[in-house]
C-alpha cells in the first residue's frame with residue numbers, strides 16, 4: 001500500500017513537471033554578479049542603439065551564434081536566421097507578458113519554458129546530444145566570444 005502511494009506521487013510529480021528532457025537549465029542570481037558583468041552591462045548600454053535596448057517589460061534572449069550556424073530559430077512565431085558564423089551572441093527581445101517561450105529550430109528539438117519572475121536576461125546555447133542549454137539571469141551576464 002505504501003509503495004503504491006509512493007509510486008502515484010512520483011508519477012504525478014513527473015507528469016506535472018514542466019521541464020523538458022532536451023533542456024539543461026541554469027540560474028544566475030544577483031549576488032553572483034561580478035565587476036566584469038557590470039562592465040559588460042555598461043558596454044551594452046553604450047554600444048547598442050537606444051531603440052534596440054531591452055525595455056522594462058521585456059526579457060533579453062542571447063543566442064550563442066556558434067551554436068546555431070545555418071539554423072532558423074522561431075521564437076513565439078517570429079523567425080530569425082543564423083545564416084553565417086558570427087562571433088558572439090544574437091540578442092532578441094521578447095515581452096514579459098507572453099510568460100511562455102516557445103522556440104523551434106531546424107536543427108534541434110523544440111523547446112518550451114515559462115519565464116521566471118525577476119529574470120531579465122536568458123542565455124541560450126546549443127548543447128550536445130541535441131540538448132539546449134538555458135541560463136536564466138537576474139543580471140546582464142558577461143558573454144565571451146566563441
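Things worth noting here:
- Relative to the current alpha-carbon distance between residue 87 and residue 44, full extension at 0.36 nm per residue lengthens the span by 13.9 nm.
- Global geometry of the range 23-137, whether rounded, prolate or oblate, following the gyration tensor of its Cα atoms and the 1.5 cut on a/c: rounded
- Counted by neighbouring Cβ atoms within 10 Å, the residues 45, 60 run from fewest to most as 45, 60.
- Protection proxy ranking, peptides 74-82, 132-140, 50-58, average beta carbon neighbours within 10 Å, highest first: 132-140, 74-82, 50-58
- Each label point was placed 7 Å from the Cα along the Cα-to-Cβ direction; for residue 25 and residue 55 their separation is 2.8 nm.
Coordinate-derived values only; no laboratory data. Note that this is a predicted model, so its numbers are computed, not measured. Reconstructed Cβ throughout: ideal geometry from the backbone, glycine too, with neighbour counts over all protein chains shown.
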